[in-house]
Amino acid sequence: MTSKRLLGTVLAAAAVALPASAAVAATADAPLLWYQFDETDGTVVHDSSGNGHDGTAVGGVWGDGLELDGVDDHVDMPDDLMAGLDAITVTAEVWIDPDQAGPYFVYGLGNTSGSWGDGYLFTTGNQYRTSLSTCHWTCEQNTAAGFDLARGTWNHLAFTLAGGTGVLYLNGQEVARNEDVTIAPGEIGGGATAANYLGRSLYPGDRHLHGNFADFRIYDGALSAAEIGDMAAHISADKAAADAAAIDLGDTSAVTDDLALPEQGANGSAIAWSSSDPAVIDQVGAVTRPAADEADEAVTLTATVTLGSARLQRAFTATVLAEYDDAEAVALDAAALAIPNLDDVRSAIHLPTEGANGTTITWKSSKDAVIATDGLVNRDEPGGKTHKVKLKATVERGGEKEKRTFTALVPPLPEQAEYTGYVFTYFTGEGTANGEQVYAALSDGNDPLAWNELNGAQPILTSDQGEGGVRDPFVIRSPEGDRFYLIATDLKIHGNGDWDGAQRHGSRSIMVWESTDLIDWGEGRLVEVSPEAAGNTWAPEAYWDDELDAYVVFWASKLYETEDHTDDTYNRMMYATTRDFVHFSEPQVWVDAGYSTIDSTVIEHDGVYYRFTKDERSNTSGSPCGKFIMGQTSTSLTDTDWDFLTECIGAGAISRGEGPLVFKSNTEDKWYMFIDEFGGRGYVPFETTDLSSGEWTVAEAYDLPASPRHGTVLPVTADEYERLQAAW
């Protein structure tokens, strides 16, 4: 844990702190209660306000403030602290442990009646908010930021209420406002509050806080934004400096496309941009290149990073290249041509017809019957010949022309073999440091309900790219049968718990591995597939489409209308096509139900595609099938208007479900769907003998791996089964 007292501002050389404004004068009203947590032993938490409101530490360890264990530690404060108050300010400096379980309160002032809260003012870090109520949760009036507090770091929290307006601050910066608060603090409990706690909820069933307090104050009255900013400055300056130092525009020495200029830092700082030459690069990063006969232009971009009262600047130099002439454009686009797996072509390949710089590309093949100019591949029958094919590309623009030749090797098709087992790939959750990596299990022969974990129940693939975690691993076999792609969500929640941030400013890429034997997956790669409007790219899956001669890759994304992704929206299912999981078409909306849908999976039978998707709505009387799985059908994989088949799959058998995976039995006309009862038992297997019926029943007996989450079950041959068993 990093002490909040060991604060230092570390900036890159180009970052300059602006002159500070005059210090905000201390508020005229001293705190009603002030805990500085500078004790070294004992159970008394001394009140520095002079009002005698000492607290009692129930458990806890003195050191870096007061550390609470998340089990039963807390601070018991005196009764009736809000009596007579028409306005209030509550501030706290708190460090929340990454393993904090919810629901929890950072602090709560009020009363408890039985198992209920009975009037209170509290703040929680889950969907960071402060609430007032004169009864329990049904009466709550919330001032809510809509995102989870970052964990594993010190944060300064503040809430002010006066004249019916509640304002919520984080690290000195306003993050939420509610102008319709009708409850005054002194009205709670009629002024009598006997359950005033730090680190403990007023709902006895909730979790305690696992973390540290370094400062806690209550004021009679609402402090100003400037006063809050000054109070939080020792934390916000450090976080703003970190946000400034973290700005990365990539290589700006030869800019040809618009720049993505971040508008918000990971710590919540607002980032504003100015340009020394807006005609070349404007304040939102739009680039206008000089004409081909003009010189390149150097532009200085200045980021102003603001968090509360902290304000810093950092400068970047970007050189914008003049437009390419025809010869330059042709040379660049010719040099950029690449064909993946050229020495081992097993499926249709991507042969581009346009270059990035406005060139046209035409192809010739020395053996059209083996590799056609549209990239389709025809391999010899098993035992046949490996063909060598020369592919010649001609790149042209404005009379300029350049040719490149590629030599491809195309092996014969593999011998067909029956499936004799299954491999199950999955992740195990965000509760452990390595749970968001790829795990695997092997079936007990052809029994899809009995599994043995591989690699000693440790990950078989890990990623340190992107977000540093991979979730929802999905494996697909090529239509020829001898190449495999594993794709996964680029996301790590362990250590931060910030689900809101992950959907507003998460990865737009998916993680991709490929293999020819299910053992050697080589180096994984991140591939960006989502548009800039997307805040996340979740649970990618793929299915081969014979009509398109390409894979249709689909995933869930929230699409935002604002550049900083602050508006409210919902997850849609997106799709793009690819032949090599390197080159992808432009993403398209696949499912827009008007509410959030995620975790689609697809299987085909007798010319009909069956799609199963999680309905993300709350499970209420208005949407009784929310948090369960719905089924749809279509004869076209990329259709955007599928026919309804069923809904509420899993209801009655599980409390709620997500991450469905579906596969056919190797031995009979039976299909299995594993549904993740998230927050409950994890995966529960369902089965049916008629996909078209929409009826699924829970399997009678099963033995799944420990803690499997959203993954894939892939049928395997005897040779593949033996290789997996031997390798892991």
Looking only at region 188-209, which residues are basic (Lys, Arg) and outside any loop (DSSP other than H, G, I, E, B)?
ARG207
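Here is a yes/no grid of residues against (1) without any contact (Cβ under 8 Å) to a residue 40 or more places away in the chain; (2) open to solvent by 20 Å² or more (accessible area, probe 1.4 Å):
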| residue | (1), (2) |
| --- | --- |
| GLY108 | no, no |
| CYS135 | yes, yes |
| ALA144 | yes, yes |
| GLY152 | no, yes |
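Of everything in region 446-468, what is of a type outside the set (S, T, N, Q) and touching a Ser or Thr at 6+ places or on another chain (Cβ under 7 Å)? Give them in sequence order. Spell out the reasoning first.
In the first step, residues of region 446-468 are kept if they are of a type outside the set (S, T, N, Q); the result is 447-451, 453-454, 456-457, 459-461, 464, 466-468.
Answer for region 446-468, where residues must be of a type outside the set (S, T, N, Q) and touching a Ser or Thr at 6+ places or on another chain (Cβ under 7 Å): PRO448, ALA450, TRP451, GLY466, GLU467.
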Test for THR667: is it assigned to a loop (DSSP other than H, G, I, E, B), closer than 24 Å to ALA542 by Cβ and open to solvent by 30 Å² or more (accessible area, probe 1.4 Å)
no
Residue pairs meeting the criteria (Cβ under 7 Å; at least 6 apart or on separate chains; first small (Gly, Ala, Ser), in region 288-309; second open to solvent by 40 Å² or more (accessible area, probe 1.4 Å) and part of a loop (DSSP other than H, G, I, E, B))
ALA291/GLU323; ALA292/GLU323; ALA292/TYR324; ALA292/ASP325
Looking only at residues in region 110-133 that are in a strand (DSSP E or B), in contact (Cβ under 8 Å) with a residue 60 or more places away in the chain and farther than 19 Å from PHE216 by Cβ, which one is most open to solvent (accessible area, probe 1.4 Å)?
TRP116
Could you list, in sequence order, the residues of region 89-119 that are closer than 19 Å to CYS139 by Cα, modelled with pLDDT of 95 or more and in contact with a helix residue (DSSP H, G or I) (Cβ under 9 Å, 6 or more places away or on another chain)?
LEU109, GLY110, ASN111, GLY119
Of the numbered conditions (1) aliphatic (A, V, I, L, M); (2) within 25 Å of THR394 (Cα to Cα); (3) more than 33 Å from the chain's Cα centre (by Cα), ALA295 fails exactly one; give the number of that condition.
(2)
Filter region 405-434 for residues that are aliphatic (A, V, I, L, M), touching a helix residue (DSSP H, G or I) at 6+ places or on another chain (Cβ under 9 Å) and closer than 21 Å to PRO459 by Cα and give the result.
VAL423
Of all the residues that make up region 418-448, how many are surrounded by 17 or more Cβ atoms within 10 Å (Cβ to Cβ) and assigned to a strand (DSSP E or B)?
16
Have a look at ALA533, ALA542, ALA550 and point out the one that is more than 21 Å from ILE493 (Cα to Cα) and over 23 Å from the mean Cα position of the chain (by Cα).
ALA550
What is the one condition in (1) outside any loop (DSSP other than H, G, I, E, B); (2) closer than 29 Å to LEU454 by Cα that ILE493 does not satisfy?
(1)
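The values are calculated or read from the model by the stated rules, or taken from the named source; none is laboratory data. Just so you know, these numbers come straight off a predicted model, no measurement behind them. Cβ atoms come from the backbone with ideal geometry, glycine included; neighbour counts cover every protein chain shown. With ligands, DNA and RNA removed, areas are computed over all heavy atoms of the protein, side chains included. Shrake-Rupley method; radii C 1.70, N 1.55, O 1.52, S 1.80 Å.
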